[in-house]
Amino acid sequence: MWKAPVRICSQSKVSLQNGRHIIRRNINSRKSNQISGNKFLTIAGTAVLATVGGSVALAKTSDGFRKFSEKNIPGSSFLYNLLLGPPVSHIPVFTPPVRSLEDGLLKKKLEREASKKTDDVVAVTPTDDLVESPKSSVDSTPLDVTEKPIDDEKNENPIKEDPVGLDNEVKLEENAEVVNDSGSDSSVTEVTNVQETAAVNLSEMSSAEFETLLKELHAKASEAVKQAVDAQDIAAASIKKHVDLVFKSLEKIYEPGQTQENVWEPVFVATQDKNEAVHVAESRAHEARLAVAQLKEAVAHGLKNDQSIQTPDLITFDESVARALYSLETAKARVDAAQSEAKVMDEYRELVDTARHNLQMELSAIRPDLSPNLKTEGTKLGEEEVNILMAHAYWKIITLQKELAKQQSREQQRLKGALDMQRKEDFSILESRLRVELERQYYELKAKYNQDISFHEKTLSDQFTQQLKLQAAAYTDHLNDSLKTQYLELKRTFEAERELDIAKLSALHHEDLAKLHGMGKGIQDAIHDRAEKDRISRQVRELWIAAQSMMDSLRSNATVHLPWNEQRRPLNLNGLNQALNNNDEFARAVLESIPQSAVSQGILPQGALKERFQNVERVCRRVALIDENGGSVLRYALSYLQSMMVVKVDARPPPKQDEEINLAELNTFDILARARYHLEKDDLEQALRYMNLLKGEPQNVATDWLQELRIHLETVQAVNAIISYAAVQAIESM
Amino acid sequence: MGSSKNSEDVLANTVDSCVADALIKLGGGLITGTLFSLLLFKRKSWPAVFGVGVGAGMGMSNCHYKLNMPYLVGADMIKAFRRNNVNQIGKDSS
């Protein structure tokens with residue numbers, strides 16, 4: 001049972017083997033192919049890598065290539081972004097050119113002030129220069145451009161300035177000793193920063209910017225002034241302290257148990273403090289003066305440009321500028337006083353020093369071996385030495401007394417002279433103070449005056465604008481009213497005209513339309529009638545054609561190839577019905593008159609009838625002897641014999657027109673002959689007439705044939721009627 | 001095929017049936033006669049002839065009847081009239 005499958009398997013194995021062989025062969029060949037394929041792969045891989053690497057390198061160097069490849073090659077943008085980073089544009093960023101002119105001027109100013117500052121720091125009497133320099137800077141017009149931006153920043157201080165000024169005065173009265181050792185460097189840098197950042201042209205600013213700048217400047221100025229006043233107070237305080245300390249030290253130095261270092265160290269410290277404080281005070285003062293000068297410039301500029309209406313604070317700023325200056329002046333005066341005291345103290349110290357030194361010299365001249373320090377325990381002195389010392393002392397005392405007497409005598413004079421000097425000084429100081437005070441008041445008044453003016457201006461301008469608005473409103477109302485009335489009038493007139501024109505035109509138009517409408521209607525009716533007639537005529541023609549075709553089929557000999565039995569066709573009235581289309585009563589009636597058996601069972605066409613007649617004739621002849629009474633067999637046989645005897649005449653022509661026939665005398669054979677004749681002439685009706693004369697058995701025999709003939713003739717009659725009717729209608733509708 | 005319904009063929013059909021019938025009658029008569037002669041009449045020929053004659057006569061009579069059948073007056077052909085026209089017998093058209 002398994003042989004066959006085994007065989008098949010073996011065969012298939014063979015085939016498989018063969019296949020395997022084949023496959024092996026294929027594998028082998030593929031291997032060889034693969035080897036060459038490997039080569040191919042390597043070559044292709046290297047080519048691809050080379051293109052990729054080359055394109056990356058090119059993209060790195062050339063932006064155009066990168067853009068082009070990114071646009072056209074889909075994955076290249078990813079690759080480039082991965083390897084090269086996002087595309088960097090190498091176009092240098094455009095920086096707007098710096099305003100060199102203003103910077104140049106500004107730089108010059110800075111340098112000037114910096115140099116001034118260094119001079120002030122070195123010399124200890126810088127105050128006059130400081131006072132003059134800002135003022136000169138304020139007055140100097142060529143640097144207006146740079147002054148104004150600097151002033152702008154001061155202009156924002158005025159609001160703060162008033163309380164700050166008050167505070168400063170209060171502080172002075174309280175005499176707070178705040179040790180503020182923040183270096184002067186920061187103040188210097190502050191000033192430079194202030195100046196450098198204010199490189200903005202005032203005249204180009206809008207009112208809002210101007211106002212903000214003013215506020216900034218005001219803030220800065222107030223701060224600067226405050227700091228300056230503070231620093232100056234501190235300086236004054238430190239100077240005082242120093243003076244006190246020096247006095248104390250001068251006295252202390254004679255006390256026992258005090259080393260020189262102990263005494264003089266605090267003095268050194270105080271000196272340092274004093275110097276530092278003076279530095280700070282001077283720089284701050286300088287700075288404050290600058291800031292106030294800026295503010296003043298900006299305020300002046302604002303007033304010049306009539307921006308007072310827009311910046312109502314301008315007048316207050318102005319006021320505060322004056323106040324700031326005043327406070328600075330007062331602080332400086334305090335510092336000056338302290339410094340003069342210090343001067344006095346210095347002189348005193350010098351005198352003391354020189355006196356001591358002289359004394360020492362004398363003593364050492366007397367007693368060179370004595371130690372300079374008289375306050376030490378000292379060696380025991382001998383009597384002589386004591387005597388010499390005492391004599392020297394006595395001499396010294398007498399000389400001193402003499403001097404004292406001299407001094408006392410001269411005191412009055414000197415006092416007088418000093419008083420005079422003092423008076424003069426006081427006078428000058430008073431003058432300066434007065435000047436300052438007057439200036440202040442002048443500024444205040446001016447500020448107030450400006451304020452009032454601006455206030456009045458503002459109110460008046462507001463009123464004016466209001467009135468203008470009212471007037472404008474009234475005028476526009478009037479205009480609107482007049483326009484409206486005009487518009488209405490014009491509208492009325494034009495509308496009236498337009499209505500007239502429209503009426504005329506519409507009347508004309510209607511006339512034309514009516515005419516055209518009539519014409520159109522007439523044409524339409526005519527065409528419809530024509531169309532109707534045409535339709536009817538067509539229908540009628542169709543009917544005629546259908547009827548004609550039916551007649552033809554009835555009379556045709558088309559199916560003569562068939563025996564008459566099979567020539568029976570049911571009458572097909574479809575064509576006629578279609579042609580009639582249910583419109584025609586007459587035709588419908590006529591069609592209905594056609595016997596139903598014609599439609600259902602069929603009609604024999606003419607040829608068939610003729611053919612059938614032959615048989616009918618034959619049989620009729622054979623039973624010619626049998627009448628209505630019937631016949632016996634003998635009679636039948638006799639009639640058959642007779643028929644064989646009687647000669648068959650083919651066709652007897654009908655008698656002439658005026659010849660009468662005695663129909664009762666006709667026998668079967670006659671009748672048959674005549675009928676035959678008429679049949680051959682296609683005169684079925686005459687044939688029918690003659691055949692109706694048959695009597696007896698021939699009548700029975702011919703019954704069916706006669707029936708068929710009658711049906712046929714009825715149909716023919718109907719169709720004829722339809723034909724004639726259709727013809728008449730066709731002629732009518734033509 | 002058989003008898004066609006045409007009136008002209010009625011006669012032929014009748015004659016056919018007549019002949020067929022006559023033959024059958026003849027045959028039957030012959031057979032009867034022969035039978036009678038054989039059985040009853042001791043093989044005389046006259047019963048057979050008589051039988052044939054009887055058969056032929058019967059056939060003839062049948063034929064006659066068949067041929068006259070359309071002319072016979074049946075009850076369905078008579079119309080009865082009222083007494084005005086007494087006893088008018090008319091044939092109904094066949």
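Exposure proxy for B:18, A:620: other Cβ atoms within 10 Å of each Cβ, ordered fewest to most, give B:18, A:620.
Here residue B:76 and residue A:640 are evaluated by their C-beta separation; at R0 = 35 Å the FRET efficiency comes out at 0.70.
I need the semi-axes of the equivalent ellipsoid of the range A:600-734: take the C-alpha gyration tensor, multiply each eigenvalue by 5, square-root it, list largest first in whole angstrom.
The answer is 34, 17, 12 Å, longest axis first.
Ratio of Rg to Rh for the range A:387-451: 1.59 [Cα atoms; Kirkwood radius as inverse mean 1/r over pairs]. Placing dummy labels 7 Å off each Cα toward the beta-carbon, the span from residue B:84 to residue A:52 is 13.2 nm. Placing dummy labels 7 Å off each Cα toward the beta-carbon, the span from residue A:444 to residue A:423 is 3.1 nm. Can you list the residues of the range A:714-729 with backbone N under 19 Å from a point 7 Å past the Cα of residue A:596, pointing along Cα to Cβ? Residues passing the 19 Å test: A:714-715. Gap in Å between the Cα centre of the range A:601-631 and the Cα centre of the range A:417-434? Spelled out, the Cα-based centre of one part sits 188 Å from the other.
Rounded to the nearest 0.05, what FRET efficiency is calculated for residue A:62 and residue A:40 with R0 set to 35 Å and r the Cβ-Cβ distance? Show your work: numbers first, answer last.
Details: r = 32 Å, r/R0 = 0.92.
Efficiency computed from Cβ-Cβ geometry: 0.60.
Note the full-extension length gain between residue A:462 and residue A:516 as 0.36 nm times their separation in residues minus their Cα-Cα distance, in nm to one decimal. Each step should come with its number before you reach the end.
Numbers: separation 54, 0.36 × 54 = 19.44 nm, distance 7.63 nm.
Here the segment from residue A:462 to residue A:516 would lengthen by 11.8 nm.
With a threshold of 20 Å on the Cα-Cα distance, the over-threshold entries among A:226/A:448; B:5/B:25; A:109/A:226; A:402/A:424; A:332/A:446; B:5/B:66 are A:226/A:448; B:5/B:25; A:109/A:226; A:402/A:424; A:332/A:446.
Could you list B:19, A:701, A:225 so that the one with the fewest beta carbons within 10 Å of its beta carbon is first and the one with the most is last? Don't skip to the answer; put the middle values down first.
On the way: B:19 12, A:701 30, A:225 33.
Lowest count first: B:19, A:701, A:225.
Between residue A:489 and residue A:272, the simple label model (points 7 Å from Cα in the Cβ direction) yields a spacing of 10.2 nm.
Given a Förster radius of 35 Å and the C-beta distance between residue A:355 and residue A:416 as r, what FRET efficiency does 1/(1 + (r/R0)^6) yield to the nearest 0.05? Mind dumping the intermediate values first?
On the way: r = 26 Å, r/R0 = 0.74.
With a Förster radius of 35 Å, E is 0.85.
Taking the number of Cβ atoms within 10 Å of each Cβ as an exposure proxy, the fewest-first ranking of A:723, A:397 is A:397, A:723.
Read-outs throughout are calculated quantities, based only on the coordinates presented, and are distinct from any laboratory measurement. This structure is a prediction, so every number in the text was calculated from the model and none was measured. FYI the Cβ positions are ideal-geometry reconstructions off the backbone, even for glycines, and counts take in every protein chain you see.
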